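A short worksheet on the structure shown next.
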Amino acid sequence: MSARDQILGKIEPLEPIKHPGAFQGASEDFDFQASLAVVGARVVTSSELEEIFPGRRRYDKTLDGLSLAEIEVLEIDGEFGVAENGAIWLTEEAMPHRVAPFICQHLVINVKKIVPHMHAAYEELGKVKSGFGLFLAGPSKTADIEQSLVIGAHGARSLTVVIRS
Amino acid sequence: MLSHSEASEKFISDAERTDWHDETLWFVRAKRDKASKVLPEWEAMREHASQIKDHTLANLGEYLQAFEAKAIANGIKVHWAADAAEHNAIVHSIIAAQGSKTIVKSKSMLTEECHLNDYLASKGIDVVDTDLGERIVQFRNEAPSHIVLPAIHLKKEDVGETFHQHLGTPKGNKDPQFLTEAARQHLRGHFLASEVAITGVNFAVAETGEFVVCTNEGNADMGAHLAKVHIACTGIEKIIPKRADLAVFLRLLARSATGQLITTYSSHFHKPREGQEMHIVLLDNGRTRQLADPKYKNSLKCIRCAACFNTCPVYRRSGGHSYHQPVAGPIGSILAPNIDKKANADLPFASTLCGSCSNVCPVKINIHEQLWFWRQDLMEAGLAPAGKTIGMKLMAFTLANPAIYRIGGSLLRRFSALLNTSLNPWYKQREMPEAPKESFQEWYKKR
Ligand code: SF4
């Protein structure tokens, strides 16, 4: 018997318990910018961005995984931000390669739309449209050495967010 | 193998380090409290998550098949493994087909459970663990001591010395920033070169056939997106029904784990990228047995946040290695006896049954009750630690016989030194109060 049949054969249905449905009663009063500060991202205006990163690279489909490793600053578009935790939803369509937001040294994301919390975020996402997507909240970090927070573990060393209306 | 109490004795022999470990984990627990208390809906979310998990376990077979069908339609190759040996053989065959000799792996407690690294090493394949904490313990030939903070038993001096030996960092440099940078450079080379990447799975969604992997460092993504072949390894209990269910789990997970609002990266893998091979291995390894036992099935609801570790007064003062299992702490102590009763019979006793674990658990697992159930089962099976069995029998006998209780009490009051023997662990490293001259009953009679 295959492992599949063996495993499924061992699983007896248990007493039925209903799925609780959509979560109701989530708080709404979250501040996206405050959450971004908590997760270690900075928010700048578009003119400030020009000053800080004049030589940044924009989305470019010709960049492959390995050539992206050479990129200092990459700018991409986020689909929306989540106010409760500063996360930004990104899909592979907005990136030159799936590894892009991880492998570049510094990341810039443009955000136009903000939803209050994760429940609204998944409502916004609806059906799956991309082969790969992620919530990204701040720069890469670790606290694996004595619980001291270090920014810039394997992914981008900094995250700069431009909120464009 | 040392029992939990023997290993703990070694751990606490360094009092300063024990205090540091205790306080640091308590600090993480406090961060969890702060993060949860700002959400008035926190308790409602725990209840909601618990119900989703109950519902899923009640229909696990259906959801697994739904997940499988969707994942296959998405172009993901789905494998089933009944036990650790099968799991390891599947992973090896995928790597062998690629011909790789060195591969990268992000955090996966399940591969620890299966001892995958040792197995692959025996086949000539070198696994590079890419989570910083896991890389540190891998260099030291140790196991992770905590499922979220693998190197929490180490101080920065230890890490400095380990990196000096393995990465050639200057001797004596123990700056976390500097050491993390050294690891970043070292592991980047492996990410760019590796053709196969293994990751764990936090959630697998039946509705969509996608799986979600959460990290703070970005190591799972660096590996998976650069490799030609991505192998994701998961226990069958990681299934959740709907995509929208992720909202409540992602809100709970990081807040419970470290007090963060969300992990830095919550990646949703739905389809392989163009030209990539993506595999998922679904492992049983005793989970169906656990599911069939009403007393213990709830342990399968776990989302591996480690909040129960951080709050546990025993874990904080005994360290993860004393549990001699890949998953330590309160949850490990109720999972491990299911896999091997005899070898893990000491673990359900490594608890005060204070119930703090159950109070912080984001999916409301009755952890402390299950510890107590295991104690009963192990006693019945004659597997409980010998000292405990004799002590408990003596205690039961004494409490059931008032006369003996009274005589015993007066004897022990007069010769309290009798209690302070090597047979009585309560006297180790504790200042015990003086025994009063008379019992309550004697005093009462005299009035
Ligand atoms: S048992 Fe609960 S608290 Fe412990 S790791 Fe699992 S989900 Fe977290």
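The values are calculated or read from the model by the stated rules, or taken from the named source; none is laboratory data. It should be emphasised that the depicted structure is a prediction, and the values quoted were computed from it without experimental measurement. Don't worry about glycine lacking a Cβ; one is built from the backbone with ideal geometry, like all the others, and counts go over all protein chains shown. Remember, those area values only see protein heavy atoms, side chains included, never the ligands or the DNA or RNA. Shrake-Rupley method; radii C 1.70, N 1.55, O 1.52, S 1.80 Å.
Here are a few things to note about the model shown:
- The strands (runs of 3 or more DSSP E) found wholly in the range B:181-233 and carrying at least 1 residues that are of a type outside the set (Val, Ile, Thr) and either open to solvent by 10 Å² or more (accessible area, probe 1.4 Å) or over 20 Å from B:Thr111 (Cβ atoms) (or both) occupy B:210-215.
- Failed item, numbered, when B:Ile147 is tested on (1) over 27 Å from B:Gly99 (Cβ atoms); (2) aliphatic (A, V, I, L, M); (3) away from the ligand (no atom under 16 Å from the Cβ): (3)
- Qualifying residue in the range B:121-134 (condition: assigned to a helix (DSSP H, G or I), in contact with a helix residue (DSSP H, G or I) (Cβ under 8 Å, 6 or more places away or on another chain), facing chain A (nearest Cβ under 10 Å) and surrounded by 22 or more Cβ atoms within 10 Å (Cβ to Cβ)): yes
- Filtered by the rule that a residue be assigned to a helix (DSSP H, G or I) and either within 8 Å of the ligand (Cβ to nearest atom) or surrounded by fewer than 24 Cβ atoms within 10 Å (Cβ to Cβ) (or both), the range B:347-364 gives B:Phe349, B:Ser356, B:Cys357, B:Ser358, B:Asn359, B:Val360.
- When we screen A:Gly126, A:Gly131, A:Gly138 for residues that are within 12 Å of chain B (Cβ to nearest Cβ), on the phi > 0 side of the Ramachandran plot and in contact (Cβ under 8 Å) with a residue 24 or more places away in the chain, the only hit is A:Gly138.
- Taking the numbered list (1) in contact (Cβ under 8 Å) with a residue 40 or more places away in the chain; (2) at the interface with chain B (Cβ under 7 Å from one of its Cβ atoms); (3) buried (at least 24 other Cβ atoms within 10 Å of the Cβ) in turn, A:Leu107 passes all entries but (2).
- Hits in the range A:3-33 (condition: open to solvent by 50 Å² or more (accessible area, probe 1.4 Å) and more than 7 Å from chain B (Cβ to nearest Cβ)): A:Asp5, A:Gly9, A:Gln24, A:Glu28, A:Asp29, A:Phe30, A:Asp31, A:Gln33
- Within the range A:1-14, residues that are among the aliphatic types (A, V, I, L, M) have Cβ atoms under 9 Å from residues that are in a loop (DSSP other than H, G, I, E, B) and surrounded by fewer than 11 Cβ atoms within 10 Å (Cβ to Cβ) in these pairs: A:Leu14/B:Pro294, counting only partners at least 6 apart in sequence or on another chain.
- Within the range B:47-85, tally of residues that are under 22 Å from the mean Cα position of the chain (by Cα), part of a helix (DSSP H, G or I) and under 26 Å from B:Glu195 (Cα atoms): 2
- Looking across the range B:66-97, the residues that are among the polar types (S, T, N, Q) and surrounded by 15 or more Cβ atoms within 10 Å (Cβ to Cβ) come down to B:Asn74, B:Asn88.
- Number of the exception - B:Cys305 against (1) open to solvent by less than 40 Å² (accessible area, probe 1.4 Å); (2) more than 15 Å from the ligand (Cβ to nearest atom); (3) not hydroxyl-bearing (Ser, Thr, Tyr): (2)
- All conditions but one from (1) open to solvent by 10 Å² or more (accessible area, probe 1.4 Å); (2) closer than 28 Å to B:Arg243 by Cβ apply to A:Gly81; the one that does not is (1).
- When we screen A:Leu159, A:Leu68, A:Leu90 for residues that are touching a Cys at 6+ places or on another chain (Cβ under 9 Å), open to solvent by less than 10 Å² (accessible area, probe 1.4 Å) and more than 7 Å from every other protein chain (Cβ to nearest Cβ), the only hit is A:Leu68.
- Matching residues, the range B:313-333, being open to solvent by 10 Å² or more (accessible area, probe 1.4 Å), away from chain A (no Cβ under 14 Å) and more than 9 Å from the ligand (Cβ to nearest atom): B:Pro313, B:Val314, B:Arg317, B:His321, B:His324, B:Gln325, B:Pro326
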